[in-house]
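The values are calculated or read from the model by the stated rules, or taken from the named source; none is laboratory data. Worth saying up front: this structure is predicted, and the values here are computed from it rather than measured. For neighbour counting, all protein chains shown are included, and Cβ atoms are generated from backbone atoms with ideal geometry for every residue, glycine included. Remember, those area values only see protein heavy atoms, side chains included, never the ligands or the DNA or RNA. Shrake-Rupley method; radii C 1.70, N 1.55, O 1.52, S 1.80 Å.
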Amino acid sequence: MNILVLNTGSSSLKFQIIKTDLELIEKDSDQMLCKGLIERIGSQALVSFKVTGKSQYKTAVGLKDHKAALRFALDWILDPETQIPGIESKEDIHAIGHRTVHGGETFTSSVRINEEVIKSIEDNIDLAPLHNPANLKGIYAAKEIFGQHIPQAAIFDTAFHSTMPEVAFLYGIPYQLYRRFKIRKYGFHGTSHRYISYRYRRLENLQRKDVNIVTLHLGNGASACGIKGGISVDTSMGLSPLEGLMMGTRCGDLDPTVVEFIAHKENSSLEEVMQLLNKRSGLLGISGLTHDMRDLELEWIEFKDRRAKLALDMFSNRIKKYVGAYYATMNGTDAICFAGGIGENSPIIRKIACEGLTALGVHLDDKLNEKMVGGKEGLISTPDSKVKVYVIPTNEELIIARDTCRVVLNAPLP
Ligand code: ADP
(Lines give C-alpha, C1' and ligand atoms only; values in the text may rest on other atoms or scores of the structure.)
Protein backbone atom coordinates (compact mmCIF):
# COMPACT_ATOMS: atom_id res chain seq x y z
CA MET A 1 0.00 0.00 0.00
CA ASN A 2 1.41 3.43 -0.96
CA ILE A 3 0.58 6.01 1.70
CA LEU A 4 0.91 9.73 1.12
CA VAL A 5 1.88 11.34 4.42
CA LEU A 6 1.00 15.02 4.65
CA ASN A 7 2.19 17.54 7.21
CA THR A 8 0.76 20.99 6.57
CA GLY A 9 1.91 24.06 8.48
CA SER A 10 0.50 27.58 8.17
CA SER A 11 2.61 28.27 5.05
CA SER A 12 4.29 24.95 4.41
CA LEU A 13 3.56 21.46 3.18
CA LYS A 14 5.78 18.45 3.80
CA PHE A 15 5.05 15.08 2.26
CA GLN A 16 6.39 11.59 1.88
CA ILE A 17 5.12 8.55 0.07
CA ILE A 18 5.77 5.42 2.10
CA LYS A 19 5.18 1.88 0.89
CA THR A 20 3.88 -0.20 3.77
CA ASP A 21 1.46 -2.98 4.71
CA LEU A 22 0.98 -5.24 7.73
CA GLU A 23 3.69 -7.63 6.60
CA LEU A 24 6.19 -4.84 5.88
CA ILE A 25 5.44 -3.32 9.31
CA GLU A 26 6.06 -6.67 10.98
CA LYS A 27 9.39 -7.00 9.14
CA ASP A 28 10.24 -3.32 9.70
CA SER A 29 10.79 -3.10 5.94
CA ASP A 30 8.57 -0.17 4.95
CA GLN A 31 10.07 1.96 2.18
CA MET A 32 10.09 5.71 1.76
CA LEU A 33 9.66 6.28 -1.98
CA CYS A 34 9.95 10.06 -2.14
CA LYS A 35 9.69 13.17 -0.02
CA GLY A 36 9.15 16.87 -0.49
CA LEU A 37 8.94 20.22 1.18
CA ILE A 38 7.16 23.34 -0.01
CA GLU A 39 7.74 26.49 2.03
CA ARG A 40 6.36 30.02 1.80
CA ILE A 41 3.01 28.99 0.35
CA GLY A 42 1.07 32.16 -0.43
CA SER A 43 3.91 33.85 -2.31
CA GLN A 44 6.91 32.66 -4.30
CA ALA A 45 7.14 29.19 -2.78
CA LEU A 46 10.41 27.31 -2.33
CA VAL A 47 10.19 23.72 -3.44
CA SER A 48 12.51 20.79 -2.83
CA PHE A 49 11.50 17.27 -3.82
CA LYS A 50 13.46 14.05 -3.83
CA VAL A 51 12.93 10.50 -5.00
CA THR A 52 14.78 8.04 -2.75
CA GLY A 53 18.21 7.31 -4.23
CA LYS A 54 18.07 10.17 -6.74
CA SER A 55 19.19 13.78 -6.59
CA GLN A 56 17.08 16.61 -5.29
CA TYR A 57 14.79 18.71 -7.47
CA LYS A 58 14.62 22.35 -6.37
CA THR A 59 12.64 25.23 -7.76
CA ALA A 60 10.71 28.38 -6.84
CA VAL A 61 7.16 28.85 -8.01
CA GLY A 62 4.15 31.02 -7.18
CA LEU A 63 1.65 28.93 -5.18
CA LYS A 64 -1.32 30.74 -3.76
CA ASP A 65 -2.59 28.21 -1.23
CA HIS A 66 -2.23 24.66 0.13
CA LYS A 67 -4.42 23.23 -2.61
CA ALA A 68 -2.16 24.72 -5.29
CA ALA A 69 0.86 23.37 -3.39
CA LEU A 70 -0.56 19.84 -3.17
CA ARG A 71 -1.51 19.91 -6.84
CA PHE A 72 2.03 21.01 -7.73
CA ALA A 73 3.47 18.19 -5.62
CA LEU A 74 1.15 15.63 -7.25
CA ASP A 75 2.08 16.84 -10.76
CA TRP A 76 5.73 16.22 -9.87
CA ILE A 77 4.96 12.83 -8.33
CA LEU A 78 3.13 11.70 -11.47
CA ASP A 79 5.49 13.28 -14.00
CA PRO A 80 6.90 10.37 -16.06
CA GLU A 81 10.38 11.87 -15.64
CA THR A 82 10.15 11.65 -11.85
CA GLN A 83 9.93 7.84 -11.96
CA ILE A 84 8.83 6.85 -8.48
CA PRO A 85 8.74 3.04 -8.43
CA GLY A 86 5.17 1.76 -8.49
CA ILE A 87 3.60 5.21 -8.88
CA GLU A 88 2.24 5.98 -12.33
CA SER A 89 -1.19 7.41 -11.68
CA LYS A 90 -3.18 8.96 -8.85
CA GLU A 91 -4.76 5.56 -8.20
CA ASP A 92 -1.35 4.22 -7.14
CA ILE A 93 -1.65 6.34 -4.01
CA HIS A 94 -3.95 4.26 -1.83
CA ALA A 95 -4.49 6.37 1.28
CA ILE A 96 -3.47 9.65 2.89
CA GLY A 97 -2.26 10.16 6.47
CA HIS A 98 -2.36 13.62 7.98
CA ARG A 99 -0.23 14.84 10.83
CA THR A 100 -2.81 16.58 12.97
CA VAL A 101 -1.70 18.66 15.93
CA HIS A 102 -4.49 18.82 18.47
CA GLY A 103 -6.95 16.04 19.11
CA GLY A 104 -8.04 17.46 22.46
CA GLU A 105 -9.64 14.83 24.68
CA THR A 106 -11.70 13.60 21.73
CA PHE A 107 -8.98 11.60 20.00
CA THR A 108 -6.78 9.20 21.92
CA SER A 109 -5.56 7.35 18.84
CA SER A 110 -5.43 7.66 15.07
CA VAL A 111 -8.75 7.69 13.20
CA ARG A 112 -10.16 7.43 9.72
CA ILE A 113 -11.30 10.87 8.61
CA ASN A 114 -15.00 11.42 7.98
CA GLU A 115 -17.29 14.45 8.32
CA GLU A 116 -17.67 13.90 12.06
CA VAL A 117 -13.90 13.75 12.58
CA ILE A 118 -13.42 16.93 10.54
CA LYS A 119 -16.04 18.64 12.70
CA SER A 120 -14.25 17.56 15.88
CA ILE A 121 -10.89 18.82 14.58
CA GLU A 122 -12.64 22.10 13.80
CA ASP A 123 -14.06 22.11 17.34
CA ASN A 124 -10.52 21.79 18.69
CA ILE A 125 -9.32 24.90 16.82
CA ASP A 126 -9.73 26.82 20.09
CA LEU A 127 -7.00 24.64 21.58
CA ALA A 128 -4.61 24.96 18.63
CA PRO A 129 -5.50 28.16 16.79
CA LEU A 130 -2.29 28.12 14.74
CA HIS A 131 -1.96 24.44 13.92
CA ASN A 132 -5.36 22.82 13.50
CA PRO A 133 -6.56 25.23 10.76
CA ALA A 134 -3.38 24.48 8.79
CA ASN A 135 -3.90 20.72 9.18
CA LEU A 136 -7.51 21.13 8.05
CA LYS A 137 -6.34 22.94 4.92
CA GLY A 138 -4.32 19.82 4.09
CA ILE A 139 -7.35 17.58 4.63
CA TYR A 140 -9.65 19.78 2.51
CA ALA A 141 -7.04 20.06 -0.27
CA ALA A 142 -6.46 16.29 -0.33
CA LYS A 143 -10.22 15.66 -0.54
CA GLU A 144 -10.56 18.00 -3.49
CA ILE A 145 -7.55 16.72 -5.37
CA PHE A 146 -7.81 12.98 -4.68
CA GLY A 147 -11.62 12.81 -4.52
CA GLN A 148 -14.07 11.93 -1.74
CA HIS A 149 -13.31 8.23 -1.73
CA ILE A 150 -9.62 8.01 -0.99
CA PRO A 151 -9.23 6.82 2.61
CA GLN A 152 -7.71 9.49 4.84
CA ALA A 153 -6.53 9.17 8.43
CA ALA A 154 -5.65 11.72 11.10
CA ILE A 155 -2.69 11.01 13.37
CA PHE A 156 -2.67 13.34 16.37
CA ASP A 157 0.37 14.86 18.09
CA THR A 158 -1.54 14.75 21.35
CA ALA A 159 -2.78 11.13 21.18
CA PHE A 160 0.32 9.40 22.60
CA HIS A 161 0.03 11.53 25.74
CA SER A 162 -3.61 10.63 26.36
CA THR A 163 -2.37 8.00 28.82
CA MET A 164 -1.04 10.62 31.25
CA PRO A 165 -2.64 10.32 34.67
CA GLU A 166 -4.66 13.19 36.16
CA VAL A 167 -1.86 14.11 38.57
CA ALA A 168 0.35 14.84 35.57
CA PHE A 169 -2.11 16.50 33.21
CA LEU A 170 -4.05 18.78 35.56
CA TYR A 171 -2.87 22.28 36.38
CA GLY A 172 -3.16 23.58 39.92
CA ILE A 173 -6.05 25.88 39.02
CA PRO A 174 -9.76 25.55 39.91
CA TYR A 175 -10.93 22.12 38.79
CA GLN A 176 -14.06 23.67 37.25
CA LEU A 177 -11.84 25.23 34.59
CA TYR A 178 -10.86 21.74 33.50
CA ARG A 179 -14.46 20.57 33.66
CA ARG A 180 -15.87 23.53 31.76
CA PHE A 181 -13.13 24.34 29.24
CA LYS A 182 -10.87 21.27 29.28
CA ILE A 183 -7.92 23.38 30.39
CA ARG A 184 -5.17 20.82 31.04
CA LYS A 185 -1.85 19.58 29.78
CA TYR A 186 -2.19 17.76 26.44
CA GLY A 187 1.41 17.55 25.25
CA PHE A 188 2.67 17.49 21.66
CA HIS A 189 5.29 15.70 19.52
CA GLY A 190 3.47 12.52 20.60
CA THR A 191 4.10 10.77 17.30
CA SER A 192 7.82 11.46 17.64
CA HIS A 193 8.00 10.31 21.28
CA ARG A 194 6.08 7.19 20.26
CA TYR A 195 8.53 6.45 17.43
CA ILE A 196 11.57 6.95 19.69
CA SER A 197 10.05 4.61 22.25
CA TYR A 198 9.35 2.04 19.53
CA ARG A 199 12.94 2.20 18.21
CA TYR A 200 14.38 1.92 21.72
CA ARG A 201 12.26 -1.18 22.25
CA ARG A 202 13.61 -2.69 19.01
CA LEU A 203 17.22 -1.76 19.79
CA GLU A 204 17.01 -3.26 23.27
CA ASN A 205 14.79 -6.15 22.19
CA LEU A 206 12.14 -5.45 24.83
CA GLN A 207 8.40 -5.84 25.22
CA ARG A 208 6.50 -2.57 25.17
CA LYS A 209 5.57 -2.87 28.84
CA ASP A 210 9.27 -2.94 29.77
CA VAL A 211 10.10 0.45 28.26
CA ASN A 212 10.96 2.98 31.00
CA ILE A 213 12.73 5.94 29.44
CA VAL A 214 12.90 9.71 29.05
CA THR A 215 12.63 10.84 25.44
CA LEU A 216 13.79 14.27 24.28
CA HIS A 217 12.50 15.70 21.01
CA LEU A 218 14.73 18.74 20.47
CA GLY A 219 13.95 20.70 17.31
CA ASN A 220 12.77 24.29 16.88
CA GLY A 221 10.00 23.15 19.19
CA ALA A 222 11.26 20.93 21.99
CA SER A 223 9.67 18.59 24.49
CA ALA A 224 10.54 15.87 26.98
CA CYS A 225 8.42 12.81 27.70
CA GLY A 226 8.47 10.35 30.57
CA ILE A 227 7.56 6.88 29.30
CA LYS A 228 6.83 4.21 31.89
CA GLY A 229 5.59 0.74 31.05
CA GLY A 230 5.65 1.80 27.39
CA ILE A 231 3.15 4.65 27.77
CA SER A 232 3.49 8.40 28.20
CA VAL A 233 3.09 9.31 31.87
CA ASP A 234 4.19 12.94 31.62
CA THR A 235 5.41 15.43 29.06
CA SER A 236 6.76 18.95 29.16
CA MET A 237 4.48 20.75 26.68
CA GLY A 238 1.06 21.68 28.00
CA LEU A 239 -2.23 23.11 26.81
CA SER A 240 -0.13 24.61 24.04
CA PRO A 241 3.44 23.97 22.86
CA LEU A 242 4.69 26.97 24.87
CA GLU A 243 5.21 25.14 28.17
CA GLY A 244 8.25 23.15 29.22
CA LEU A 245 11.73 23.23 27.71
CA MET A 246 13.21 26.43 26.37
CA MET A 247 12.91 26.39 22.56
CA GLY A 248 14.06 28.24 19.44
CA THR A 249 11.74 31.20 19.96
CA ARG A 250 9.45 29.98 22.78
CA CYS A 251 10.17 30.70 26.41
CA GLY A 252 9.08 27.38 27.95
CA ASP A 253 8.24 27.30 31.67
CA LEU A 254 7.54 30.69 33.17
CA ASP A 255 5.91 32.25 36.21
CA PRO A 256 2.51 33.42 34.85
CA THR A 257 3.06 36.69 36.71
CA VAL A 258 5.68 37.56 34.09
CA VAL A 259 2.87 37.92 31.54
CA GLU A 260 1.09 40.53 33.61
CA PHE A 261 4.35 42.27 34.45
CA ILE A 262 5.47 42.60 30.81
CA ALA A 263 2.00 43.80 29.74
CA HIS A 264 2.11 46.43 32.46
CA LYS A 265 5.70 47.60 31.93
CA GLU A 266 5.62 47.56 28.12
CA ASN A 267 2.04 48.75 27.92
CA SER A 268 1.25 45.83 25.62
CA SER A 269 -1.86 43.76 25.05
CA LEU A 270 -2.17 40.13 26.08
CA GLU A 271 -1.81 39.13 22.41
CA GLU A 272 1.42 41.11 22.11
CA VAL A 273 2.90 39.48 25.21
CA MET A 274 1.92 36.02 23.98
CA GLN A 275 3.51 36.85 20.63
CA LEU A 276 6.71 37.84 22.46
CA LEU A 277 6.74 34.60 24.47
CA ASN A 278 6.09 32.49 21.36
CA LYS A 279 8.17 34.26 18.72
CA ARG A 280 10.85 36.41 20.35
CA SER A 281 11.94 34.38 23.36
CA GLY A 282 13.91 31.17 23.90
CA LEU A 283 17.29 30.82 22.16
CA LEU A 284 16.54 33.90 20.05
CA GLY A 285 15.51 36.05 23.00
CA ILE A 286 18.47 35.11 25.18
CA SER A 287 21.17 35.28 22.50
CA GLY A 288 19.70 38.31 20.74
CA LEU A 289 21.10 36.66 17.60
CA THR A 290 19.16 33.69 16.25
CA HIS A 291 16.82 30.82 17.09
CA ASP A 292 19.05 28.44 15.15
CA MET A 293 21.16 26.12 17.28
CA ARG A 294 23.76 25.53 14.59
CA ASP A 295 24.44 29.26 14.26
CA LEU A 296 24.51 29.71 18.03
CA GLU A 297 27.11 26.98 18.40
CA LEU A 298 29.18 28.68 15.73
CA GLU A 299 28.89 32.05 17.50
CA TRP A 300 30.12 30.44 20.69
CA ILE A 301 32.92 28.34 19.19
CA GLU A 302 34.29 30.93 16.75
CA PHE A 303 33.58 34.23 18.50
CA LYS A 304 33.07 33.25 22.13
CA ASP A 305 29.81 35.16 22.16
CA ARG A 306 28.75 35.15 25.82
CA ARG A 307 25.02 35.25 25.25
CA ALA A 308 25.17 32.51 22.63
CA LYS A 309 26.79 30.32 25.30
CA LEU A 310 24.21 31.42 27.86
CA ALA A 311 21.44 30.34 25.48
CA LEU A 312 23.12 26.91 25.02
CA ASP A 313 23.51 26.52 28.77
CA MET A 314 19.94 27.54 29.56
CA PHE A 315 18.58 25.22 26.87
CA SER A 316 20.59 22.30 28.27
CA ASN A 317 19.84 23.14 31.89
CA ARG A 318 16.11 22.89 31.26
CA ILE A 319 16.62 19.48 29.68
CA LYS A 320 18.55 18.34 32.72
CA LYS A 321 15.79 19.56 35.05
CA TYR A 322 13.14 17.61 33.16
CA VAL A 323 15.25 14.46 33.08
CA GLY A 324 15.65 14.80 36.85
CA ALA A 325 11.95 15.44 37.36
CA TYR A 326 10.91 12.36 35.40
CA TYR A 327 13.63 10.27 37.03
CA ALA A 328 12.00 11.15 40.34
CA THR A 329 8.33 10.73 39.35
CA MET A 330 9.00 7.48 37.45
CA ASN A 331 11.28 6.15 40.18
CA GLY A 332 14.19 5.87 37.77
CA THR A 333 14.74 5.57 34.05
CA ASP A 334 16.61 2.99 31.98
CA ALA A 335 17.58 5.38 29.21
CA ILE A 336 17.57 8.94 27.93
CA CYS A 337 16.94 9.21 24.19
CA PHE A 338 17.82 12.29 22.13
CA ALA A 339 15.99 13.13 18.88
CA GLY A 340 15.00 16.12 16.69
CA GLY A 341 17.30 18.41 14.70
CA ILE A 342 19.25 19.39 17.81
CA GLY A 343 19.06 16.07 19.66
CA GLU A 344 20.30 14.23 16.57
CA ASN A 345 23.06 16.64 15.56
CA SER A 346 24.42 18.52 18.53
CA PRO A 347 27.04 16.71 20.64
CA ILE A 348 27.57 19.99 22.55
CA ILE A 349 23.98 20.17 23.80
CA ARG A 350 23.91 16.46 24.63
CA LYS A 351 27.16 16.83 26.54
CA ILE A 352 26.09 19.87 28.58
CA ALA A 353 22.66 18.32 29.25
CA CYS A 354 24.18 15.05 30.53
CA GLU A 355 27.05 16.64 32.44
CA GLY A 356 26.70 16.37 36.20
CA LEU A 357 24.07 13.66 35.98
CA THR A 358 26.53 11.10 37.37
CA ALA A 359 24.51 10.97 40.59
CA LEU A 360 21.71 9.42 38.50
CA GLY A 361 24.20 7.05 36.87
CA VAL A 362 24.54 8.84 33.52
CA HIS A 363 27.99 8.60 31.90
CA LEU A 364 28.45 9.86 28.37
CA ASP A 365 31.13 8.41 26.07
CA ASP A 366 32.58 11.58 24.54
CA LYS A 367 33.91 9.87 21.42
CA LEU A 368 30.63 8.12 20.64
CA ASN A 369 28.77 11.35 21.37
CA GLU A 370 30.90 13.28 18.84
CA LYS A 371 30.35 10.64 16.18
CA MET A 372 26.59 10.23 16.56
CA VAL A 373 25.41 12.96 14.13
CA GLY A 374 23.77 13.33 10.73
CA GLY A 375 21.05 10.72 11.12
CA LYS A 376 23.09 8.03 12.91
CA GLU A 377 21.33 5.93 15.52
CA GLY A 378 23.05 4.42 18.53
CA LEU A 379 24.32 4.40 22.06
CA ILE A 380 26.45 7.32 23.31
CA SER A 381 26.88 6.27 26.94
CA THR A 382 29.74 4.24 28.41
CA PRO A 383 29.22 0.49 29.07
CA ASP A 384 29.10 1.12 32.83
CA SER A 385 26.51 3.92 32.59
CA LYS A 386 23.54 2.84 34.72
CA VAL A 387 21.24 4.92 32.54
CA LYS A 388 21.84 4.37 28.82
CA VAL A 389 21.94 7.38 26.55
CA TYR A 390 20.80 6.95 22.94
CA VAL A 391 20.55 9.10 19.85
CA ILE A 392 17.49 7.98 17.88
CA PRO A 393 16.69 9.97 14.72
CA THR A 394 12.97 10.42 14.79
CA ASN A 395 10.61 9.37 12.01
CA GLU A 396 7.10 10.67 12.58
CA GLU A 397 6.18 10.00 8.96
CA LEU A 398 6.72 6.27 9.40
CA ILE A 399 4.32 6.16 12.35
CA ILE A 400 1.78 8.20 10.36
CA ALA A 401 2.06 5.86 7.35
CA ARG A 402 1.76 2.73 9.49
CA ASP A 403 -1.22 4.03 11.45
CA THR A 404 -2.92 5.10 8.22
CA CYS A 405 -2.42 1.61 6.82
CA ARG A 406 -3.84 0.01 9.98
CA VAL A 407 -6.80 2.40 10.06
CA VAL A 408 -7.61 1.70 6.41
CA LEU A 409 -7.38 -2.06 6.92
CA ASN A 410 -9.28 -1.93 10.22
CA ALA A 411 -6.25 -3.58 11.83
CA PRO A 412 -5.65 -3.04 15.55
CA LEU A 413 -3.67 0.06 16.45
CA PRO A 414 -0.71 -0.45 18.77
P1 ADP B 1 11.48 21.46 13.61
O2 ADP B 1 11.03 21.49 15.03
O3 ADP B 1 11.17 22.73 12.86
O4 ADP B 1 11.10 20.19 12.88
P5 ADP B 1 14.17 20.40 13.47
O6 ADP B 1 13.89 19.11 14.18
O7 ADP B 1 14.51 20.35 12.03
O8 ADP B 1 13.05 21.49 13.72
O9 ADP B 1 15.39 21.09 14.26
C10 ADP B 1 15.87 22.35 13.93
C11 ADP B 1 16.99 22.72 14.89
O12 ADP B 1 18.04 21.74 14.78
C13 ADP B 1 17.61 24.08 14.60
O14 ADP B 1 17.85 24.77 15.79
C15 ADP B 1 18.92 23.68 13.93
O16 ADP B 1 19.93 24.64 14.09
C17 ADP B 1 19.26 22.43 14.71
N18 ADP B 1 20.32 21.68 14.02
C19 ADP B 1 20.26 21.08 12.81
N20 ADP B 1 21.49 20.58 12.46
C21 ADP B 1 22.32 20.89 13.49
C22 ADP B 1 23.71 20.68 13.72
N23 ADP B 1 24.48 20.03 12.86
N24 ADP B 1 24.23 21.13 14.89
C25 ADP B 1 23.46 21.79 15.78
N26 ADP B 1 22.15 22.04 15.61
C27 ADP B 1 21.58 21.60 14.48
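Note on region 162-191: residues that are of a type in the set (Lys, Arg) and in contact with a Phe, Trp or Tyr (Cβ under 9 Å, 6 or more places away or on another chain) total 2. Whether a residue is charged (D, E, K, R) and either assigned to a loop (DSSP other than H, G, I, E, B) or under 22 Å from the mean Cα position of the chain (by Cα) (or both) was assessed, and Lys67 does not pass this test.
None of Gly343, Gly361 is of a type outside the set (Asp, Glu), within 16 Å of the ligand (Cβ to nearest atom) and in contact with a strand residue (DSSP E or B) (Cβ under 6 Å, 6 or more places away or on another chain) except Gly343.
Have a look at Asp255, Asp295, Asp210 and point out the one that is under 20 Å from Arg194 (Cβ atoms), over 20 Å from the mean Cα position of the chain (by Cα) and charged (D, E, K, R).
Details: Asp255 fails: under 20 Å from Arg194 (Cβ atoms); Asp295 fails: under 20 Å from Arg194 (Cβ atoms).
Result of the check over Asp255, Asp295, Asp210: Asp210.
Can you name every residue in region 151-177 that is part of a loop (DSSP other than H, G, I, E, B), of a type in the set (Val, Ile, Thr) and within 19 Å of Gly9 (Cα to Cα)? Quick ask: steps written out before the conclusion?
At the first step, the residues of region 151-177 found to be part of a loop (DSSP other than H, G, I, E, B) are 151, 157-158, 164-165, 170-174.
Then keep just the ones that are of a type in the set (Val, Ile, Thr); that gives 158, 173.
Scanning region 151-177 gives a single hit, Thr158.
Is there any pair with a first residue in region 22-42 that is farther than 19 Å from Leu63 by Cβ and modelled with pLDDT of 95 or more and a second that is of a type in the set (Gly, Ala, Ser) and not in a helix (DSSP H, G or I) whose Cβ atoms are under 8 Å apart and which are 6 or more apart or on different chains, and what are they? That search, which allows pairs on different chains as well, returns Leu22/Ala411; Leu33/Gly86. Scanning region 334-363 for residues that are touching a helix residue (DSSP H, G or I) at 6+ places or on another chain (Cβ under 7 Å), open to solvent by 30 Å² or more (accessible area, probe 1.4 Å) and among the charged types (D, E, K, R) yields one hit, Lys351. Among the residues of region 312-322, what is the count of those that are within 11 Å of the ligand (Cβ to nearest atom) and over 18 Å from Ser281 (Cα atoms)? Final tally of qualifying residues: 0. As for region 74-84, it holds no residue that is among the β-branched types (Val, Ile, Thr) and part of a strand (DSSP E or B).
Among all positions in region 238-248, there is no residue which is in contact with a Ser or Thr (Cβ under 7 Å, 6 or more places away or on another chain), among the polar types (S, T, N, Q) and closer than 23 Å to Thr100 by Cβ.
For beta carbons closer than 7 Å, sequence separation of 6+ or different chains, a first residue in region 160-186 that is open to solvent by less than 60 Å² (accessible area, probe 1.4 Å) and a second that is among the acidic types (Asp, Glu), the qualifying pairs are Met164/Asp234; Ala168/Asp234.
A quick yes/no check of all residues on (1) within 12 Å of the ligand (Cβ to nearest atom); (2) of a type in the set (Gly, Ala, Ser):
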position	(1), (2)
His291	yes, no
Glu302	no, no
Arg306	no, no
Leu310	no, no
Gly324	no, yes
Thr329	no, no
Lys371	no, no
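Does region 264-277 hold any residues that are of a type outside the set (Val, Ile, Thr), open to solvent by less than 50 Å² (accessible area, probe 1.4 Å) and assigned to a helix (DSSP H, G or I), and which are they? If you could, list the steps in order and put the result at the bottom.
The initial filter retains those residues of region 264-277 that are of a type outside the set (Val, Ile, Thr), namely 264-272, 274-277.
Adding the requirement that they be open to solvent by less than 50 Å² (accessible area, probe 1.4 Å) leaves 268-269, 276-277.
If the condition is that a residue be of a type outside the set (Val, Ile, Thr), open to solvent by less than 50 Å² (accessible area, probe 1.4 Å) and assigned to a helix (DSSP H, G or I), then Leu276, Leu277 are the ones that fit.
Restricting Ala401, Ala308 to those that are assigned to a helix (DSSP H, G or I) and free of Cβ contacts under 8 Å to residues at least 24 places away in the same chain reduces the list to Ala308.
At pLDDT 95 or above, assigned to a helix (DSSP H, G or I), basic (Lys, Arg) and surrounded by 15 or more Cβ atoms within 10 Å (Cβ to Cβ) - does that describe any residue in region 282-294? Write out each step before concluding.
Quick first cut of region 282-294, residues at pLDDT 95 or above only: 282-294.
Filter once more, keeping what is assigned to a helix (DSSP H, G or I): 282-287, 293-294.
This time we only want the ones that are basic (Lys, Arg), so: 294.
Now drop any that are not surrounded by 15 or more Cβ atoms within 10 Å (Cβ to Cβ), which leaves none.
Checking region 282-294: not a single residue is at pLDDT 95 or above, assigned to a helix (DSSP H, G or I), basic (Lys, Arg) and surrounded by 15 or more Cβ atoms within 10 Å (Cβ to Cβ).
Summed over region 209-234, residues that are within 16 Å of the ligand (Cβ to nearest atom) and of a type in the set (S, T, N, Q) total 3.
Scanning region 376-404 for residues that are open to solvent by 50 Å² or more (accessible area, probe 1.4 Å) and either farther than 18 Å from His193 by Cβ or within 16 Å of the chain's Cα centre (by Cα) (or both) returns Lys376, Leu379, Pro383, Asp384, Lys386.
For every residue, the table says whether it meets (1) farther than 30 Å from Gly378 by Cβ; (2) more than 20 Å from the chain's Cα centre (by Cα); (3) not in a loop (DSSP other than H, G, I, E, B).
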| position | (1), (2), (3) |
| --- | --- |
| Gly187 | no, no, no |
| Gly238 | yes, no, no |
| Glu243 | yes, no, no |
| Ile262 | yes, yes, yes |
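Just one of the numbered conditions (1) more than 29 Å from Leu310 (Cβ to Cβ); (2) buried (at least 24 other Cβ atoms within 10 Å of the Cβ); (3) charged (D, E, K, R) is not true of Arg250: (1).
Sort out which residues of region 218-238 are touching a residue at least 40 places away in the same chain (Cβ under 8 Å), open to solvent by 10 Å² or more (accessible area, probe 1.4 Å) and not polar (S, T, N, Q), and write them in order of number.
Scanning region 218-238 gives Gly219, Lys228, Ile231, Val233, Asp234.
If only residues of region 134-150 that are without any contact (Cβ under 8 Å) to a residue 24 or more places away in the chain and in a helix (DSSP H, G or I) are counted, the one that is farthest from Asn2 (Cα to Cα) is Leu136.
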